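Participant: This is the structure I want to talk about, given as structure tokens.
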Amino acid sequence: MSNCKVTGTIHLINETKEFGTNGFRKREVVLVQNQGKYDNYIPVTFILDQCEDADELTAGTEVTIEYRLNGRKWTSPEGEDKYFVNLEVMNVLNIEMAHAVKSTQEAEEDLPF
């Protein structure tokens, strides 16, 4: 399965939640893309050990998230099937940090020594 990317500004960083007795943890981060009349809100999910990676993020920061698209089927006790889609975070690139590093590298290239 190939990984996909999405770029947006961090709108919300939720707390880590634990599910079940086997230690499964997940943490949701919501990106927003300003697209004219209606904003596009995109929840992405950090799971297990990656939950702590979200501690380094700050609301208002522009990032590119590399994610894996996952889908799940769940059957209710009444027998009704429900389907869920999840964007599981694989990697985060801080756009502002990348621009700062590039600017520093360009400045160093201009040095006369």
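Read the figures in this text as sums done on the coordinates, not as results from a lab. This structure is a prediction, so every number in the text was calculated from the model and none was measured.
Participant: Once the cut-off is 20 Å, how many percent of the Cα-Cα pairs in the range 4-109 end up in the long-distance tail?
Facilitator: 50
Participant: What ³J(HN,Hα) values, in whole Hz, does the Karplus curve 6.51 cos²θ - 1.76 cosθ + 1.60 give for the range 15-31 when θ = phi - 60°, with x put for Gly and Pro?
Facilitator: 6, 6, 10, 10, 10, x, 9, 8, x, 5, 10, 8, 9, 9, 10, 10, 9
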